[in-house]
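Down below is the structure, laid out as structure tokens.
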Amino acid sequence: MKILVTGAAGFLGSHLAEKLSLLKHEIVGMDNFIGGYKDNIPKNIDFHDFDCCDLKKMNEVMRNVDVVYHCAATAHEGLSVFSPYEIGKNNFLASSSVFSAAISNNVKRIIFCSSMARYGRQQTPFNESMPSKPVDPYGIAKVASEDLLKTLCDLNNIEWVIAVPHNIIGSRQKYDDPFRNVVSIMINRILQNQAPIIYGDGEQKRCFSYIDDCLSCLIPMLDQKNLNREIINIGPDEEFVTINELSEICANVTGSNLTPIYKKDRPQEVKHATCSADKARKLLNYKTKTDLKTGVEKTYEYIKKRGTRPFNYHIDIEIKNDLTPETWTKKQI
Ligand SMILES: NC(=O)c1ccc[n+]([C@@H]2O[C@H](COP(=O)([O-])OP(=O)(O)OC[C@H]3O[C@@H](n4cnc5c(N)ncnc54)[C@H](O)[C@@H]3O)[C@@H](O)[C@H]2O)c1
């Protein structure tokens, strides 16, 4: 099959493009490098450097494509409260362009990477039958993109699948981004002898999935018949962890004894965000193969090997006021 992967220089998109190419599919990739790394791009794919919002170019790369995996996004949930324009553009507007080109080029199926941010502050664990109730611009843009996808695909009789990953870790994740990717930030800091930073009391509860476990769900979404028109959480639900515990795991894995630094809560951060994997178990035979500690170890090995990097404040903070974390305004990370 000919498959377009957006965000192919990013963490998830690059792994996905590589895996699909190993399965002998013809892969077209694209990215504008607002995130990701150039050396993430897999060999043997036809890669294009442009912005998703460029509809003309999107239509060009979409020719004869059978299936689209839309992974490109600025997945900056915390920052989105302070940079709603930039995060909105790279989520909703970017998705509109991808879906428009995909539909006008008659693709068979579109797989959209949404986010757990779609659930907002509901009772945990979140399951797919809950209504979407996002509480920040990132989640709002993801839900709007989901609605757009469903509306356009149903109208044009095109298959869609919505994947809802949560907190993925592993190699190729951007670790010099001060705005997101907590495990990679903690490790990049510890390797530079700087203590992990924790927002609020650190009792926020999360679940992390290792990249390979996430891929094992995304691959069957390519053509498995019974997944058409389904929204599916992907990731584990057996190892919930607080940010305090996560920081301890990072300390153990790296052999660090640095004491975490606590900062004010981030506005709109959801306290407990964990998902049920029941539907993934049922439809995708999902099993967690890599536990959290092993996932953190593998992420550590990647960052250590590639070398630590100074943090790069690559996205402008649009709203700077008393609510904006000083870790960002004062570049403390
Ligand atoms: N990583 C996670 O924990 C996680 C969790 C839930 C959902 N997701 C979703 O999975 C997808 C991939 O996330 P990721 O962690 O790999 O992020 P990533 O930042 O590593 O990759 C995204 C890529 O998209 C590119 N991009 C962003 N805006 C673009 C635009 N306008 N035009 C072209 N390229 C653009 C970036 O340059 C980047 O390389 C995203 O849609 C994200 O919302 C990720």
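The values are calculated or read from the model by the stated rules, or taken from the named source; none is laboratory data. Everything quoted here is computed from the prediction, not taken from an experiment. Backbone-built Cβ (ideal geometry, glycine too); neighbour counts: all protein chains shown.
Mind listing whichever residues of the stretch 130-153 are of a type in the set (D, E, K, R) and out of contact with any strand residue (DSSP E or B) (no Cβ under 8 Å at 6 or more places or on another chain)? Before the answer, list the steps.
Narrowing the stretch 130-153 to residues of a type in the set (D, E, K, R): 133, 136, 142, 146-147, 150.
Within the stretch 130-153, Lys133, Asp136, Lys142, Asp147 meet the criteria.
Identify the residue in the stretch 62-81 that is part of a helix (DSSP H, G or I) and touching a helix residue (DSSP H, G or I) at 6+ places or on another chain (Cβ under 8 Å) and, among all such residues, is farthest from Lys142 (Cα to Cα). Restricting to residues being part of a helix (DSSP H, G or I) and touching a helix residue (DSSP H, G or I) at 6+ places or on another chain (Cβ under 8 Å), the top hit is Leu79. For Phe99, the test of being out of contact with any Ser or Thr (no Cβ under 6 Å at 6 or more places or on another chain), assigned to a helix (DSSP H, G or I), within 15 Å of the ligand (Cβ to nearest atom) and closer than 19 Å to Ala163 by Cβ is passed.
For the stretch 240-249, check the following and say yes or no: at least one residue is at pLDDT below 95 and either closer than 15 Å to Cys207 by Cβ or within 19 Å of the chain's Cα centre (by Cα) (or both). Yes, the stretch 240-249 contains at least one residue that is at pLDDT below 95 and either closer than 15 Å to Cys207 by Cβ or within 19 Å of the chain's Cα centre (by Cα) (or both).
Looking only at residues in the stretch 104-127 that are outside any loop (DSSP other than H, G, I, E, B) and within 19 Å of Glu238 (Cα to Cα), which one is farthest from the chain's Cα centre (by Cα)? Within the stretch 104-127, the match that is farthest from the chain's Cα centre (by Cα) is Phe126. Is the stretch 154-165 home to any residue that is closer than 25 Å to Ser14 by Cα and in a helix (DSSP H, G or I)? The answer is no; no qualifying residue exists. Screening Lys305, Lys298, Lys320, Lys289 for residues that are part of a helix (DSSP H, G or I), touching a residue at least 24 places away in the same chain (Cβ under 8 Å) and either at negative phi or hydrophobic (A, V, I, L, M, F, W, C) (or both) leaves exactly one candidate, Lys298.
Within the stretch 1-21, if we keep just the residues that are assigned to a loop (DSSP other than H, G, I, E, B) and more than 7 Å from the ligand (Cβ to nearest atom), the residue that is surrounded by the fewest Cβ atoms within 10 Å (Cβ to Cβ) turns out to be Met1. Among the conditions (1) over 23 Å from Glu86 (Cα atoms); (2) outside the structural domain of Gln122 (by TED's automatic domain parsing); (3) acidic (Asp, Glu), Asp154 misses just one, which is (2). Any idea how many residues of the stretch 27-46 are buried (at least 19 other Cβ atoms within 10 Å of the Cβ), in a strand (DSSP E or B) and more than 7 Å from the ligand (Cβ to nearest atom)? Residues meeting the conditions: 3.
Leu22 fulfils the conditions (1) in contact (Cβ under 8 Å) with a residue 12 or more places away in the chain; (2) under 20 Å from Cys214 (Cα atoms) except for a single criterion, (1).
Can you find a residue that is of a type outside the set (Gly, Ala, Ser), in contact with a helix residue (DSSP H, G or I) (Cβ under 7 Å, 6 or more places away or on another chain) and away from the ligand (no atom under 14 Å from the Cβ) anywhere in the stretch 141-151? Yes. Here Lys24 meets each of (1) more than 7 Å from the ligand (Cβ to nearest atom); (2) over 14 Å from the mean Cα position of the chain (by Cα); (3) at negative phi with one exception, condition (3).
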